[in-house]
Structure formats: structure tokens, C-alpha cells
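The values are calculated or read from the model by the stated rules, or taken from the named source; none is laboratory data. Since the model is a prediction, treat every value here as computed from it, not as a measurement. Here the Cβ positions follow ideal geometry from the backbone for every residue, glycine too, while neighbour counts run over all protein chains shown. In case anyone asks, the SASA skips ligands and DNA or RNA and just uses the protein heavy atoms, side chains included. Shrake-Rupley method; radii C 1.70, N 1.55, O 1.52, S 1.80 Å.
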Amino acid sequence: MTGSLWLRWSWRDLRSHWVAVVAIALVIAIGTGVFAGLGSTATWRRQSNDISFGATGIHDLRAELSPGTFVDEGLLAEAVEGLPDAAAVTGVVERLVVDNQVDASTPDETILVRARIVGMPFGDSQLVDDVWLRDGSEPGAGADPPSVILEAKFADFYDLPERGRLTVSGGRPVEYVGLGAGPEDFFVTGPEGSLFAQGDFAILYTPLADAQTLVARPGQVNDVVLTLAGGSDRDRIADQLRAALAEVPGVSATVTDQDDVEAFRVLYEDIESDQQVWNMISALILFAAALAAFNLVSRIVESQRREIGIGMALGVSRFRLAIRPLLVGAQIGVVGTIAGVAVGLVVGAAMKSLFESLLPLPEWRTPFQFGPYARAAALGLVIPLAAAALPVWRAVRVEPIQAIRLGHLVARGNRLTDWTNRVRLPGSSLTHMPVRNVLRNPRRTLLTAAGVGAAITALVAVLGMLDSFSRSIDRGAAEVTKGDPDRVLVALDTFYPTDSTAVEAIAAEESVGSVDRGLLFGGAAVVSADVSEPIFLIVELVDLERAAWTPTIVEGSASGDGIILASKAADDLGVSVGDTVQLFHPVRGDDGVFRGARSALTVDGIHPNPIRNFAFADLSLAGRFGLQGEVNLVNAYPAEGFGRGDVQRALFERPEVASTQAVARLSEIFDEALEQFVGFLLIAAGSVLALALLIAFNSTRITVEERRREHATMRAFGLPVRTIMAVVTKESVLVGVCATAIGLVAGALVLEWMLRSLAESSLPDFGITTYLAPSTLVIALLIGVVAVALAPLFLIRRVRRMDIPDTLRVME
């Protein structure tokens, strides 16, 4: 036979099975396309980060003066110029960085949030930590009112225009003339490192002189950033900078490097951990597609078993007979691979759109990635070829007479059929037929159930991640809003005596009904002093006996002399109630200067907030931190007839108030930020849903095709089409139940593994509880049972229009 004849013959096979071929090709396309599309994101993000940080000149070193400390402009730059390795410094910028508040309210929404004013030079091509201007124009120095650039993600969060007016603390108006971000703020965290801070933390970039005017610090700075020449010893120059600043009277500074920038660290470290999540999801989808494609292609090729037997009986070589079905597998692979490239491009475009909305950067580079697509294409070709080769190998190894046999002559007994034949089942033979059809070829049944089950596994794992994240966030929101959801956290600009005028003035506001006083500071907990990676904590001291809001205790009790940890923190530290942790924390000395100290605290209780950084202790422990009788945090509860917005607006212009934050707004921000994250998983969920439906339909279609002689026989004996389809539907339901059981069990196990091994590396500070919502279980049942059961209904027309004599015509 010539090659053209083989191609024409295989083309005839494709035409005769075109629906199955298209469906299998789409299954392969979804699996390989999602694999290629998700596999490209790591390279995209790494290239985009490199270009974006490089374009804005992110600093190599930064010196930040201790809170409340300022020096005259020029003094920090002089210290840098006097370094022994000053020649290695390529850029120096002094800045004024001060926390503040901002009123960005619109006619439709009250927006009163914490803010940070960053005063810096503009317009110099040699700037360090330059501001990327996404929209609008640069601010001009000396404008009245002062002009600023508003951080872009904050503006996007509230759908603010690219120009507008804001008000900062003290009632001072400013005009924002553009939207953008500095390299330190490509990923925004709040003053306490809070998650999803883009909704409750605004950053204003403005010329240095205007910043000095806004915060009443004329001619002063508190921050310096510098870049170094390539190949410089960064650590040595950092030590020189520390030594130089230590010699400046009244100056205490913290020197950090580029790796300490939260945005820099997160955006690079998250690449690998996030890619692990995408790799796991894409591998699940690809495995489901591969298993289904293998099963479906095998069954198509097995339908040619009799023709192979006839060819062997006529003396055609086994090698030649194997070419035809292998060509069918190859053609399915080619169609699936081409369609997979298209699916990959669609998935990639959706991921790019989500990245650009969630992490706006100066440059997003998304070049076509040949590596992931080449690997996906290879898999797309190998899978159907392997699926075709196995049944061909089995067919050509038997004697021709065995391959020619049909239907009941081919069926061989097995333990299941032998056992069921001895069991007397109630009902007619038509009632028994679906069960016996499932059991008479258990290998095929298990392969079909496994194919659909693999798709359900991927679906349960992806949707389960959404369920688990949502459940954990809802649990945290319920914790912080319990009692009074209008509670407002009022952070003071420094420490005040409990009965000071400043604190009493807050309590005396008309909109404030009652207040609870407390302390808030940062610390780090370890089990022993030699542990190298402590857990950062935000410690709040609250009156555990009398305060209106206290943390819920799920284990232990609030004895008053220990610490209350989040369950995630306790698990990570490996401690439980009654154990001791070492807390590194600041202590104020008799001279008023804060110094680092370490205290051993007993774990008195465990609270349910999923964020592990939140820790609590009784206010009576304030003396241990040198803060006896002082507070820097007030929990304000609105008076009758007032809401949280009234309290925030009343306290906005008070000079001692650093920020106000409604706890209900915190939970709303989490929900809104979760919606952005959900977008990534929805892409995978949509792909899995389409894959599962395709597998369910195609499996049923091939089953009907394989049983066409049986159906023709039943119709020849006068059975109506509805009875035949009822048998097929019952058989499909049995397979669907098995597939659903496989998918639910495997999906729950995969979900648990993903959350523990992958999600925790991406969100180490967030405790995620494994949870499958009822809606996820319903979707799995709909696909695994209902969709599989309904698939035969699309084939009623095919059975009704069957040519019965032609279907039954067989030459033995």
C-alpha cells in the first residue's frame, strides 16, 4: 500500500468518527493549553520585575531614621559622601517619609484611611526610587494647594479618576495630578505589614519641599536611599553607612538593603511559590485530559479490531495493519496540539490581564514561551499515539480468528461477571443489563470512570481552594467584627497616659459612645533564642476582663499574665497552651529611648483569626514593656445614632490621631481583595469544567457506538428507543457514581496537599482551613452523575435513525 492510500484511509476513519475526534482533540487541547498557558507566567513575571525595578532605579541601600527623628536636609547626603567607598555610590536621594491620614471620599463613598507622604525630588534622570507615572502628570513644586501623585492600586481599588482632590490630616487639601507608584510600593503593605493594604493605605508622592510643608517639618528629612555601581560590596558599604550615621548626634538609623524591600522580596519570592500552584493545577488538568484521551482513543481504535483481524487473515503484515490506527492517533494529536496552542494563548491572555490589574507595573513583558508550548505539544502528540498503540499491539498479537470475533464472542468471563451470574437479582433482564454491562468489562469501566474522575479531582481541588480561602477569610472577618461591627481602631501618633487630655478628648467626641484603651507594637516570637526565623507579631494589649471587644479563645483561657496566639502561629512555632515562647519586643527605658529586649511568655490561649501575626495579651503587662499607664490605641464604639464614618470623620483632624480604621472595612477589603485572587483560580476552574463535560459526553457517545449492534438487536425485537436509552442512561449513572466517588476522594486529598505544601509557601502568614463548600459537592455531582446521565439524550436521534439491517449485517 502506498502512503497516500494510508492517509486517505485514515482520513476516512476521521470522517466517520469526526465528532469523537473533535471532542478528543478538545480534551487534549484543554489539557495541553492550560499546561502551556500557566507554565509561561513565571518567565513573564521575572522579566517584568527586572525591567520595572530597573526602570525606576530601586535602591541598593536605605537608611531610615528611628520614628519621630528628623535631621536637616543635606546632612544624610553628606554622611554618604564621606563613606570610604563613596566612589561606588552612583545615586543618593534624601527623602521625608511620614505616616499620615487621607480623606479621599467621593459623593458615593466615605474613604478615610491611613496614608504615607513621601517627599522626594522629581524631574532628575538620576533619581533613586523614582516614581513610575502611569496616568496624569508629575507634580510641580510650590503649587497651592500642593500637588501629589496618588498610588495607583489605591486609586484602582476605589475607582478614583486620574486627577482629583484629597485632604490630609489637619484639614490640609492636596491635588493629585496623576497615578503611579515607586518601586517600594509595587506591592503595598501597611505600616504593620497588613495583607491586602491597597484598600486601606494610601501613598502620596510629592516634591520634598511640599512634603515638608504638609507635615510641618521645613528643611528636614528622615530617610536616604542610594544605588551602587555593579560589583560593589553592598554589605561592606552598608556597615560603613551604619558607622557614619552612628556618629551623627541624635541620630539612630536602620540600614536595609534591596532584599529587605517588601515589594522586591514578595514579587520575586512569590514567582516560584505561585508557579508551584499553577504547575500543580495544570498537572491535574493535564493528567485528567491525558487519562480521558487515552481511554477514548483506545476505544476508537478497539472498534477497528475486527478489520485488523480480517487484514491478518488476508495475509497483510501486522506492521502495515498497525499503521492505519496509529495514523488516527497521530491526526488526533496534531489537531489537539494545534487547538492546544490556541487554548494556551487564551489562558495566557487571561492571566496577563489579571496580573496587570492585580500588580500594575511600569512594564509587563509577556513574550511567547516556546519551552512550555513545546513540552505541551510533545505531550499532545504522544498521548493519542500511545493510546492508539496499546489496543493495536493487543489486536495484532492474537490469531486472526480471535480478532474477527464480535460482541458476545469476544466477551470473556471474569470474576465479577462469574459472581453476578450466580446472584439472582430482582427484576427483568433489562433491569439487570446496565449492571452486567458495567461489570463485563471492568477495565474499560474503570478507565472511563477514572477519566471523568480525574477531571472531577481537578475541579474539586481548584474549587476547594476557593472555598478554603473564602471560609478562612470569613472566619477572620467574623472574629474582628464580633460585638460591634462599627468599632473603629484609632491609632495614636505616640504613647499617651491613659487619662491624658488627648485620650479623654477622643472619648468625649459626640459620635463616640465608649472607648477601650490599649497598646499596639511589633514583636517577634520564637520557641528558643537560637531559632533563626522568628514569626513577626503585631501584639495588642487589651483589658481582657473589662474591654467590650476581646479575642475569642478557642483553646486555653485569658489568665492575664501570658500571650494569646493565633492557631496558625502556634502550629508554626510548634507550641500549645501552657508552653513558653520567647518574645523579642521593644522596651522603653528610663531615658525614654526604646531598646530591644526578650521576654519569656506562657501561651495562655489560642484565638481563631487566620492571620498568624495577630497576638494579644492583657493590658496589665504594659509595665513589662516600659509602658505602664500609657496607651497608643483606642477602640472607639459609635454612640447611638452615629456610624463608623461619623467617628472617623470626627477624629480625622485631631493632631494626636495617626489613623482610624473601621474593623468592618477591614473585612470588606479582604473580601474585595479575595475577588481579585479568585480570578486566577476561576480560569483553571472554567477549563476543568469544560474538560469534565467533554469527557462525560464523549465517553457516553463512544459507549453508544460500541453497543450499536446490541441496540439494533433490541430494536429488531420491538423494544422502543426510550427503553434502550433508559438502559444506556442507567449504565452511565453507574459509571458516573464511580467517577464522582473517585473524584471527590482524590480531590479532597489533593486539596489538602496543595494547601499544606503550596499555598502556605505563598501565604505563610495566613492560616487556611481545608473546606469543601456544599456548592462544590453539588457541582461535582452534577458533572459526575447528572452530566454523564444526560449525555445519552443527545444521541437519541442517532439511535432512532439507525439502519437496523445494515447494523446487524455481519459475515462470520
Residue in region 598-608 that is open to solvent by 10 Å² or more (accessible area, probe 1.4 Å), more than 30 Å from residue 103 (Cβ to Cβ), in contact with a His (Cβ under 8 Å, 6 or more places away or on another chain) and modelled with pLDDT under 90 present: yes
Report, by residue number, each residue of region 543-574 that is within 9 Å of residue 617 (Cα to Cα) and either in contact with a Pro (Cβ under 7 Å, 6 or more places away or on another chain) or of a type in the set (Val, Ile, Thr) (or both). 563, 564
Top-ranked residue of region 498-527 - restricted to ones that are in contact (Cβ under 8 Å) with a residue 12 or more places away in the chain and part of a loop (DSSP other than H, G, I, E, B), ranked as nearest to residue 621 (Cα to Cα): 498
Has region 747-765 got any residue that is of a type outside the set (Lys, Arg), in contact with a strand residue (DSSP E or B) (Cβ under 7 Å, 6 or more places away or on another chain), within 23 Å of residue 272 (Cα to Cα) and surrounded by 15 or more Cβ atoms within 10 Å (Cβ to Cβ)? yes
Kindly indicate whether residue 442 is closer than 25 Å to residue 737 by Cβ, under 40 Å from the mean Cα position of the chain (by Cα) and at pLDDT below 75. yes
Neighbours by Cβ (under 6 Å, 6+ apart or cross-chain): first from region 366-385, in contact (Cβ under 8 Å) with a residue 40 or more places away in the chain and open to solvent by less than 50 Å² (accessible area, probe 1.4 Å); second part of a helix (DSSP H, G or I) and of a type in the set (Phe, Trp, Tyr): 366/44; 376/35
Only residues that are open to solvent by 40 Å² or more (accessible area, probe 1.4 Å), part of a strand (DSSP E or B) and touching a helix residue (DSSP H, G or I) at 6+ places or on another chain (Cβ under 7 Å): list them for region 87-131, please. 92
Looking at (1) modelled with pLDDT of 80 or more; (2) under 19 Å from residue 24 (Cα atoms), which one does residue 392 not meet, given that it meets all the others? (1)
If residue 784 meets every condition in (1) open to solvent by 10 Å² or more (accessible area, probe 1.4 Å); (2) part of a helix (DSSP H, G or I) apart from one, which number is that one? (1)
Among the residues of region 148-155, is there at least one that is in contact with a strand residue (DSSP E or B) (Cβ under 8 Å, 6 or more places away or on another chain) and over 13 Å from residue 204 (Cα atoms)? no
Could you grab me the full set of residues in region 568-602 that are out of contact with any strand residue (DSSP E or B) (no Cβ under 8 Å at 6 or more places or on another chain) and either over 19 Å from residue 250 (Cα atoms) or in a strand (DSSP E or B) (or both)? 571, 574
If we ask which residues in region 248-257 are in contact with a helix residue (DSSP H, G or I) (Cβ under 6 Å, 6 or more places away or on another chain) and not in a strand (DSSP E or B), their number turns out to be 1
Just for region 711-742: of the residues that are in contact with a helix residue (DSSP H, G or I) (Cβ under 6 Å, 6 or more places away or on another chain) and of a type in the set (S, T, N, Q), which one is nearest to residue 439 (Cα to Cα)? 732
When you scan region 480-490, do you find a residue that is among the small types (Gly, Ala, Ser) and farther than 30 Å from residue 745 by Cα, even just one? yes
Among (1) surrounded by fewer than 21 Cβ atoms within 10 Å (Cβ to Cβ); (2) modelled with pLDDT under 90; (3) of a type outside the set (Phe, Trp, Tyr), which single condition is residue 261 missing? (1)
Hey, among 108, 99, 103, 60, which residue is modelled with pLDDT of 90 or more and either in contact with a strand residue (DSSP E or B) (Cβ under 6 Å, 6 or more places away or on another chain) or not aromatic (Phe, Trp, Tyr) (or both)? 60
Looking at region 14-67, which of its residues are among the acidic types (Asp, Glu), surrounded by fewer than 20 Cβ atoms within 10 Å (Cβ to Cβ) and in contact (Cβ under 8 Å) with a residue 24 or more places away in the chain? 64
Return only the number of the condition from (1) assigned to a strand (DSSP E or B); (2) open to solvent by 40 Å² or more (accessible area, probe 1.4 Å) that residue 564 does not satisfy. (2)
Is it true that residue 703 is of a type in the set (S, T, N, Q), farther than 18 Å from residue 26 by Cβ, surrounded by fewer than 19 Cβ atoms within 10 Å (Cβ to Cβ) and out of contact with any strand residue (DSSP E or B) (no Cβ under 6 Å at 6 or more places or on another chain)? no
Kindly indicate which of 581, 526 is more than 31 Å from the chain's Cα centre (by Cα) and among the hydrophobic types (A, V, I, L, M, F, W, C). 581
Those residues of region 274-314 which are outside any helix (DSSP H, G or I) and either open to solvent by less than 40 Å² (accessible area, probe 1.4 Å) or modelled with pLDDT under 75 (or both) amount to 303, 304
Selection from region 620-645 of residues in a strand (DSSP E or B) and closer than 21 Å to residue 483 by Cβ yields 631, 633, 634, 635, 636, 637, 638
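Conditions tested, residue by residue: (1) under 24 Å from the mean Cα position of the chain (by Cα); (2) not small (Gly, Ala, Ser).
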position: 332; (1), (2): no, yes
position: 336; (1), (2): no, no
position: 354; (1), (2): yes, yes
position: 360; (1), (2): yes, yes
position: 370; (1), (2): no, yes
position: 375; (1), (2): no, yes
Give region 315-351 a look and list any residue that's closer than 30 Å to residue 49 by Cβ and buried (at least 18 other Cβ atoms within 10 Å of the Cβ), or say none. 340, 341, 343, 344, 347, 348, 351
Residue check, residue 541 outside any loop (DSSP other than H, G, I, E, B), touching a residue at least 60 places away in the same chain (Cβ under 8 Å) and touching a helix residue (DSSP H, G or I) at 6+ places or on another chain (Cβ under 7 Å): yes
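Each row is one residue, and each column tells you yes or no for (1) hydroxyl-bearing (Ser, Thr, Tyr); (2) modelled with pLDDT under 80; (3) assigned to a loop (DSSP other than H, G, I, E, B).
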| site | (1), (2), (3) |
| --- | --- |
| 718 | no, no, yes |
| 723 | yes, no, no |
| 727 | no, no, no |
| 738 | no, no, no |
| 744 | no, no, no |
| 749 | no, no, no |
| 755 | no, no, no |
| 759 | no, yes, no |
| 764 | no, yes, yes |
